[in-house]
Amino acid sequence: MSVRSRSEALFAESLKHTPGGVNSPVRAFRAVGGTPFFAASASGARVTDVDGNSYIDYVGTWGPAILGHAAPPIVRAIQNAAERGTSFGIPHAQEVTLAQRVKAMVPSVDKVRFCNSGTEATMSAIRLARGFTGRDRIIKFDGCYHGHSDGLLVKAGSGALTLGNPDSAGVPADVARQTLVLPFNDPEALRTAFREHGPELAAVILELVPANAGLYLPRPGYLELLRELTRANGTVLIADEVMTGFRLGPAGAQGRFGLTPDLSCFGKIIGGGLPVGAFGGRADIMDRLAPLGPVYQAGTLSGNPLAMAAGLAALETLEATDAWNRLESLGAELEQGLSAVAKAAKIPVCFQRIGSMFCGYFTDRPVWNLADALHSDRARFARFFHGMLDRGIYLAPSQFEAGFISSAHASADIEATVRAAEAVFATL
Ligand code: KE4
């Protein structure tokens, strides 16, 4: 059992100053019980807490740390940029360079606008789709999380689902009413929604690989049907790739599935660990944005030089090292190892994975949607989480989150993780 007395003292102090003691709800360990450790530093595949405990990290600050923590190319890029000024509030060359890099990696992006978070990216993409179509209603899918803007906090995943408030208080009924929520992977529900509402639908927004209720994959043909229905109805198809963008390959999930959305949203990796979001896509839609068009969107620190330098270093390093092949093989090793020890222990675990993203549901049934995911045994997951944490393995503190492997992880880390899981499964 790791000693975490300094973390506990810090958490008690933090509770006096910040709601729930955290600056983002999912960090509070409410889904798994106990209190969060406080990070002191992180490097490569590991994070170290203020009590000196070191953990193999599969949260990766929720996705950005795809090259591991404190990756030298990113640290150097930030240091060099900082010496020339941290924010200009006027265009600078790195914004152009990163935009060119994003366009080169994601063919569906003709133009891109940088902002400061994934929430800003999806909120702005929805507003842009409404401005472009002149329509108000949108479709999202239950369990999917697109950040915390009002219209998207309806049957949302991630922390909202974890804390049991997928429909957040404070969202006006008039706003929520504009958001239709469908079950994912249900073609009939899609056809019916478009039959009944097609001409009034401004946009459909989705995670192509929903990873905010754990992780599940689109059934064969589902994304193609969605593309066909949105195109036939003049509805803007928005791929939320905040989590999957540049992680599942140079062109993210859309590259893997051969989908061409009208708009895409990015975040996390594109900032190299600094606050960045982005949205981009068809030029005829993007050019409706101010100052060219009537859809307003802005941000003091949008495109700031630190974040641009960090994001560029991240994307350049991913491409130069072809990190995706390494991430795929590490992911396969983890899947094979964890599945084998769960089976040997006769613990029903549905292990889902795509590339370096994974989730182990404590259930004996396949998981294709939120309803399936909700059958998982969360109490058993919580015991597994703490058993692994006590053995130096930090998994996402919720059954409804995905895990992330970085290119800084080594096979030895995977082996240590599998050995720890084998020991914990014996206690469940
Ligand atoms: P941010 O506003 O947190 O940068 O991005 C929102 C967002 C949008 N779209 C997707 C697919 C996302 O996964 C996210 C944020 N992901 C969560 C983790 N499930 C962030 C962790 C947190 O809320 O603390």
Net charge of neighbours whose Cβ lies under 15 Å from the Cβ of Gly267, counting Lys and Arg as +1 and Asp and Glu as -1: -1
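Please report, ordered by residue number, every helix of the chain (full DSSP H runs) that is 27 Å or longer along its axis going by C-alpha atoms and whose mean Kyte-Doolittle hydropathy reaches -0.5.
323-344
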Environment charge of Gln297, counting only residues whose C-beta is closer than 14 Å and scoring Lys/Arg +1, Asp/Glu -1: +3
Three-way shape call for the range 239-332 based on the alpha-carbon gyration tensor, with the a/c threshold at 1.5: oblate
Ranked Ser7, Ser43, Ser411, criterion: other C-beta atoms within 10 Å, fewest first: Ser411, Ser43, Ser7
Residues Tyr394, Tyr145, Tyr216, sorted so that the one with the fewest Cβ neighbours within 10 Å comes first: Tyr394, Tyr216, Tyr145
The range 73-115: C-alpha gyration tensor shape, a/c 1.5 cut-off, then a/b vs b/c: oblate
Distance from the range 96-155 to the range 204-222 (C-alpha centre basis), Å: 16 Å
Radius of gyration, Dmax [the range 310-428; alpha carbons; angstrom]: 15.0, 45
Choice from Leu327, Leu163, Leu315 with maximal GNM fluctuation in the chain (Cα, 10 Å cutoff): Leu163
Convex hull of the range 91-320 built on C-alpha atoms - directionally averaged projected area, nm²: 11.9 nm²
Once the Cα gyration tensor of the range 1-158 is diagonalised, semi-axes √(5λ) in Å: 33, 25, 15
Percent RCO, i.e. relative contact order, over the chain, from Cα pairs under 8 Å lying at least 6 residues apart: 23 percent
Fluctuation leader among Ala373, Ala402, Ala40 - the chain, Gaussian network, Cα springs under 10 angstrom: Ala40
Under 24 Å between alpha carbons - lysine pairs in the chain that sit 8 or more apart or on different chains: 7
Span from the the range 54-93 Cα centroid across to the the range 351-428 one, whole angstrom: 27 Å
The range 91-320, relative contact order in percent, only Cα pairs under 8 angstrom and at least six apart counted: 28 percent
For Arg137, residues with placed amide H under 5 Å, excluding near neighbours: Ala202
For the range 295-386: relative contact order, % (alpha-carbon pairs under 8 angstrom, 6 or more apart): 16 percent
Cut-off 14 Å between beta-carbons: net charge of the residues surrounding Ile285, Lys and Arg +1, Asp and Glu -1: +4
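Mean residue ellipticity at 222 nm from the helices of the chain, using -39,500 (n - 2.57) per DSSP H segment of n ≥ 4 over the full residue count, to the nearest 500 deg cm²/dmol?
-12000 deg cm²/dmol
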Among Val47, Val109, Val295: highest mean-square fluctuation, GNM of the chain, C-alpha pairs under 10 Å: Val295
Kirkwood Rh in Å, taken over all unlike Cα pairs in the chain: 22.0 Å
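All of the numbers you see were taken from the coordinates with simple rules; none came from a lab. Note that the coordinates shown come from a computational prediction; the quantities given were computed from them, not determined experimentally. No Cβ is skipped: glycine too gets one built from the backbone with ideal geometry, and neighbour counts run over all protein chains shown.
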